[in-house]
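> Could you have a look at this structure, given as structure tokens, before my questions?
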Amino acid sequence: HEKYSSDFTIYWKYFPAFRIMDKQDMVTRFAVFFMLFAFIAVVVFASVILIAYTRSLSIVMSNRQVYKDVECLGASKAYLRDSVKNQISKVFFIPFAIGTVLIYLFYIMILTFNAGIHMSTAEFLALMADAGVVAVVVLIIYSIYRKTLRKVYHVLGI
């Protein structure tokens, strides 16, 4: 509602500075932007997982006969597993490497170029917190990759 917002102060000719109101507005804006970012991140992350899982199963289903033919020609189960693992790992880890690792390296570059040689403590802590987030994402992606690989092995019967 407008009566609960301090946006009306933007149009004042002589603007008094209320430090407490400015701090409250900053916290509110930060919370809104953070929640928006978190929502978008969850949606994108879920989309990436769903697309990778679906793409992995579609690769297997379209090549199912090829795997059966190669098995009939004498290929071992280990060879078939390695072949499937190679294909599925590219579906999961190439987009992950591009989307997460390169962005994290870009973030490090931004902090380094902004701060020069010496980073502030807050920037270093933010970098470590982001490294923790990347580690959690790695664990989630890897666990979903392992579950997808087991499902693919089951579908192919290897």
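> Roughly how many whole Å is it from the C-alpha centroid of the stretch 35-110 to that of the stretch 121-158?
Each part's Cα centre sits 12 Å from the other's.
> Here is a further query. Using a Cα-Cα cut-off of under 23 Å, which lysines could be cross-linked to Lys77, ignoring same-chain neighbours fewer than 8 residues away?
Lys68, Lys85, Lys90, Lys147, Lys151
> How charged is the neighbourhood of Phe30? Take every other residue with its Cβ under 15 Å from the Cβ of Phe30, and add Lys/Arg as +1 and Asp/Glu as -1.
Details: positive: Lys23, Arg29; negative: Asp22, Asp25.
Residues close to Phe30 contribute a combined charge of 0.
> For Cα extents along the principal axes in Å, which listed value, (i) 86, 44, 20; (ii) 56, 42, 25; (iii) 104, 25, 22, comes from the coordinates shown?
Among (i) 86, 44, 20; (ii) 56, 42, 25; (iii) 104, 25, 22, the one derived from this structure is (i).
> Summarise the accessible area of the stretch 54-119 (1.4 Å probe, protein heavy atoms) by the percent that is carbon and sulfur.
Values: 3020 of 4540 Å².
C and S fraction of accessible area: 67 percent.
> Please check: in the Gaussian network model of the chain (C-alpha springs, under 10 Å), which one of Asp69, Asp82, Asp25 has the largest mean-square fluctuation.
Asp25
> For the stretch 41-91, what is the accessible area per residue in Å², given a 1.4 Å probe and the full set of protein chains? Walk me through the intermediate numbers first.
On the way: 3360 Å² over 51 residues.
With the other protein chains kept in place, the stretch 41-91 gives 66 Å² per residue.
The values are calculated or read from the model by the stated rules, or taken from the named source; none is laboratory data. Note that the coordinates shown come from a computational prediction; the quantities given were computed from them, not determined experimentally. Neighbour counts run over all protein chains shown; Cβ positions are idealised from the backbone, glycine included. What goes into the accessible areas is simple: the full protein's heavy atoms, side chains included, and nothing from ligands, DNA or RNA. Shrake-Rupley method; radii C 1.70, N 1.55, O 1.52, S 1.80 Å.
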